Each structure stands twice: as structure tokens, then as C-alpha cells.
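Visitor: Following this message is one structure expressed as C-alpha cells.
Each value in this text was obtained by applying a stated rule to the coordinates, not by laboratory testing. Quick caveat, the model's predicted, so the values are computed rather than measured. Cβ placement follows ideal geometry from the backbone for every residue including glycine, while neighbour counts extend to all protein chains displayed.
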Amino acid sequence: MNVRSLDAAKKRPIAMVTGGAGFLGSHVCDRLIAEGAHVVCVDNLMSGRRANIANLRALPQFSFIEADVSMPLPQIDVDEIWNLACPASPPCYQRDPVHTLLTNVLGMKNCLDLALNAGARVFQASTSEVYGDPEVHPQVESYRGQVNSTGPRACYDEGKRAAETLCYDYQRSHGVDVRVARIFNTYGPRMDPADGRVVSNFIVQALHGAPLELYGGGTQTRSFCYVDDLIEGFFRLMRAPQAASGPVNLGNPGEFTMRELAECVIDMTGSPSSIVTRPLPVDDPKQRRPDIGMAAALYDWQPAIPLKEGLACTIAYFTNELWLAPFAEEMAA
Ligand code: NAD
Ligand code: UDP
């Protein structure tokens, strides 16, 4: 596939987005198209959805390649690579743990090899999971984390840690320009209702009037970032003239217990739902909150959207996904 010659006349930069049909990747594709890039979206659709990129499919400056990043990538002369391919929800990434590990490690290596050949800059979607069940709170980038290397989350956590290692080995050995974001729990429109993460689960359960399933006692905490804030952080990190010396935390430091989140969702949806408890998954981190001092200092970035405001937009999105979109499809058929 020769995307370069396709766009040579127009001189658009070419960006490859792996995982571009997923929740975050599709927002990255939108922003790149708005900036005037040609976007090559590579996705195997294992947790992504065609609907997330339906608005882009007809555009001549958008190409979709259904492929697995753990296999060799199409050798396109790209200017930048955004590597987001990997399922992010624990039930999803634990379904085929070996494939999750290979997606992270081989997918990263394939992106870095392509970047080396093409002279491209690489963005890596790393994660707060590299801190495991953290003993340092809030988590600063210099904290090396507490990950159980043999537990059920390890395929994801250790895969992302190894991917970070590859990034900095390619930087030191070959001078590849790598930008690594450690992303903390992010939510918003285009999450899959069946994805299995807490925000989507609670909202979908509340909208159905079903009990909200709280794992453990609900005292564990997370810090939730609205997608628009995160994407702005991605672009500041990727567009900065100089790479940071290492990974940079991106997230919203507002910290909530899962019980607080459940109560907030019930309240905001006006749902009659109750809260029921279920066993806490193995190795579920007890607390998580980003120290975002580095992103603030380097990129003048901080999130602007508080939880309730982001939840209101997300509830509106899920209401449409669950009730209005299927009805509209039925009417059109
Ligand atoms: P998502 O599951 O919605 O998107 C992942 C996308 O990658 C999907 O479209 C999926 O089909 C694709 N994919 C998975 N394995 C692939 C493979 N082997 N080859 C090609 N495509 C593949 O998840 P998301 O929330 O959009 O997360 C995107 C990235 O950000 C992931 O790398 C994830 O680890 C990272 N991240 C997300 C969060 C968050 O809170 N959303 C937090 C930390 C890190
Ligand atoms: N959780 C929950 N109910 C759910 C899904 C998740 O109580 O339906 C809890 C989960 O045990 C964890 C927190 O919510 O403590 C965040 O879970 P999620 O899977 O969204 O992200 P991660 O654990 O990867 O941060």
C-alpha cells in the first residue's frame, strides 16, 4: 500500500495509529485528521469497533488496515506512529494473556523498527499499571512500582513495562524519538458498553436499573481523566520539540473510592439501582493517583474537566448507545 505517493501531491504528514478503532485511538485519529494529517489506522478489532471510525472511513486522507500489530507491520513511509494497540480492560486483556503480552512486546518492536526505517517519531500508550499495587502515593514517574510478575494482570503490566524498555533501548541504541505517556484511568464517549471497565459497567448497569457490581468493599481508589483532557495531553507530549527524558504521567489527580463512583453514577442517572458487592479481582490495586507535576512543568498541561462534568457527557453517550442508536438503526432498516 503506497500511502506516501497517494499523498505526495498534498504533502500531508502521514501518521500511523495502531489501535485506532479503539476508545482512545479513535479520538487520536479524529484530532490528526483535523490537523491535516493522512491517518493510517491499524487495528485487529479485538476490542475496537468499526463504529468508532465510521465518521472517517469515507475520507480520502484516512486508511484502515485490519491487522495484528504482533505481526510485521505494513512498511509505509510514515512520519509518526501512535502505538495504542492493546486491550485496556482487565477482563479483555486477561481473555488471551499470551496474546496481550505479545501485542505489547512484539507490537512495540514492530512500531520501533518501522520508525527506525522511516525516521518517524513514536508515541507509546503506556499505563499507570506499570506501578502495580503502588506503595508510593501519589505515583511519581521515578517510582519503580510493585507489579506481581506472575499474576493475572502481569500480561498487561509486564507487557507495558517491557514496551517502555524497548522504547528507551531504541532511543539509546538508534536515536529513535520516543514519547511515552503513562495513562491513568480514562473514560468518555466511544467506550464500548461491554468493555468491562468500571465507568462503563456502572453507567450501563445504572441505565438498565440493574444492581451496580462493586468489587471488594469499594474502598479502593482510582483517579479518572476525561478523554478530551487526555488527548490534549497526548498531543502536547508528542508535539513538544524535545522528548522528555523518560515516561510522563497523564491523568486527573482527583481521587475517588469505587463506592463513591457507584453512588455518584446512581445519583447522576436518577437510577433505582442498588449496589451489590462481588469478590475483589486478584492483584487489584488498592489506590491510584497520578502526580502530574512533570506534565505540568514540561507541557503546561493539566486536566480541566472534573469528574461530574465528564460523567454527564459519558452518561449522555451511553444513553444514546443503549437506547437511541439501536432505535434509529431499526427505523432506517
Ligand atoms: P481499547 O480496548 O478501546 O482500544 C485498544 C485498541 O487496540 C482496540 O481497537 C483493539 O481492537 C486494538 N488492538 C488490540 N490488540 C491489537 C493487536 N494485537 N493488533 C492490532 N490492534 C489491536 O482501549 P483504550 O482504552 O482505547 O486504550 C488504548 C491504549 O491506551 C491501550 O494501549 C491501553 O493499554 C492504553 N491505556 C488506556 C487507558 C485508559 O484508561 N483508557 C489507561 C492506560 C493505558
Ligand atoms: N470495578 C468494580 N466494578 C466493576 C468493574 C471494576 O468495582 O464492574 C473496580 C475494580 O475492581 C477496580 C476499579 O473498579 O478496583 C477500576 O477497575 P477498571 O477495570 O476500570 O480499571 P483498573 O483496575 O485497570 O484500574
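Visitor: Any chance you could count how many residues in segment 48-80 are hydrophobic (A, V, I, L, M, F, W, C) and assigned to a loop (DSSP other than H, G, I, E, B)?
Guide: Selection size over segment 48-80: 10.
The rows are residues; the columns are (1) away from ligand 1 (no atom under 11 Å from the Cβ); (2) outside any strand (DSSP E or B).
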{"position": "192", "(1), (2)": "no, yes"}
{"position": "202", "(1), (2)": "yes, yes"}
{"position": "206", "(1), (2)": "yes, yes"}
{"position": "214", "(1), (2)": "yes, no"}
{"position": "219", "(1), (2)": "yes, yes"}
{"position": "228", "(1), (2)": "yes, yes"}
{"position": "243", "(1), (2)": "yes, yes"}
{"position": "246", "(1), (2)": "yes, yes"}
{"position": "256", "(1), (2)": "yes, no"}
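Visitor: Within segment 224-245, track down each residue that is small (Gly, Ala, Ser), in contact with a strand residue (DSSP E or B) (Cβ under 7 Å, 6 or more places away or on another chain) and over 18 Å from residue 23 (Cα atoms).
Guide: Within segment 224-245, just 243 meets the criteria.
Visitor: So, one more: Give the residues of segment 269-286 that are among the β-branched types (Val, Ile, Thr) and either within 20 Å of the chain's Cα centre (by Cα) or part of a loop (DSSP other than H, G, I, E, B) (or both), sorted by residue number.
Guide: 282 - this is the single residue of segment 269-286 that is among the β-branched types (Val, Ile, Thr) and either within 20 Å of the chain's Cα centre (by Cα) or part of a loop (DSSP other than H, G, I, E, B) (or both).
Visitor: Of the residues 159, 196, only one is within 11 Å of ligand 1 (Cβ to nearest atom), farther than 30 Å from residue 317 by Cα and touching a residue at least 40 places away in the same chain (Cβ under 8 Å); which?
Guide: Numbers: 196 fails: farther than 30 Å from residue 317 by Cα.
After ruling out the rest, the residue left standing is 159.
Visitor: Right, another one. Within segment 32-53, how many residues are surrounded by 19 or more Cβ atoms within 10 Å (Cβ to Cβ) and not hydrophobic (A, V, I, L, M, F, W, C)?
Guide: 6
Visitor: Confirm whether residue 141 is within 26 Å of residue 302 (Cβ to Cβ), away from ligand 2 (no atom under 16 Å from the Cβ), part of a helix (DSSP H, G or I) and under 19 Å from the mean Cα position of the chain (by Cα).
Guide: no
Visitor: Search segment 83-128 for residues being away from ligand 2 (no atom under 16 Å from the Cβ) and among the small types (Gly, Ala, Ser), and hand back the single one that is surrounded by the fewest Cβ atoms within 10 Å (Cβ to Cβ).
Guide: Top of the filtered list is 119.
Visitor: Now for a different question. Could you grab me the full set of residues in segment 287-308 that are touching a residue at least 40 places away in the same chain (Cβ under 8 Å), farther than 11 Å from residue 232 by Cα and not in a loop (DSSP other than H, G, I, E, B)?
Guide: Once the filter is applied, which keeps residues that are touching a residue at least 40 places away in the same chain (Cβ under 8 Å), farther than 11 Å from residue 232 by Cα and not in a loop (DSSP other than H, G, I, E, B), segment 287-308 yields 290, 293, 294, 295, 298, 307, 308.
Visitor: On to the next question. Taking the conditions exactly as written (more than 15 Å from residue 178 (Cα to Cα), among the β-branched types (Val, Ile, Thr) and touching a Cys at 6+ places or on another chain (Cβ under 9 Å)), does residue 98 satisfy them or not?
Guide: yes
Visitor: Filter segment 192-220 down to the residues that are more than 10 Å from ligand 2 (Cβ to nearest atom) and surrounded by 23 or more Cβ atoms within 10 Å (Cβ to Cβ), then identify the one that is farthest from residue 112 (Cα to Cα).
Guide: Residue satisfying both the conditions and the ranking: 206.
Visitor: List the pairs whose first member sits in segment 80-109 and is near ligand 1 (Cβ under 10 Å from one of its atoms), whose second member is among the small types (Gly, Ala, Ser) and in a strand (DSSP E or B), and whose Cβ atoms are under 8 Å apart, counting only residues at least 6 apart or on separate chains?
Guide: Matching pairs, first to second residue: 82/15; 82/125; 83/125; 84/125; 86/125.
Visitor: Quick test of your reading of the structure: residue 239 fulfils all but one of (1) crowded, with 16+ Cβ neighbours inside 10 Å; (2) away from ligand 1 (no atom under 15 Å from the Cβ); (3) not small (Gly, Ala, Ser). Name the failing condition by number.
Guide: (1)
Visitor: Quick one: which residue in 63, 70 is closer than 30 Å to residue 150 by Cβ and of a type in the set (S, T, N, Q)?
Guide: Step by step, each of 63, 70 is checked, and only 70 is closer than 30 Å to residue 150 by Cβ and of a type in the set (S, T, N, Q).
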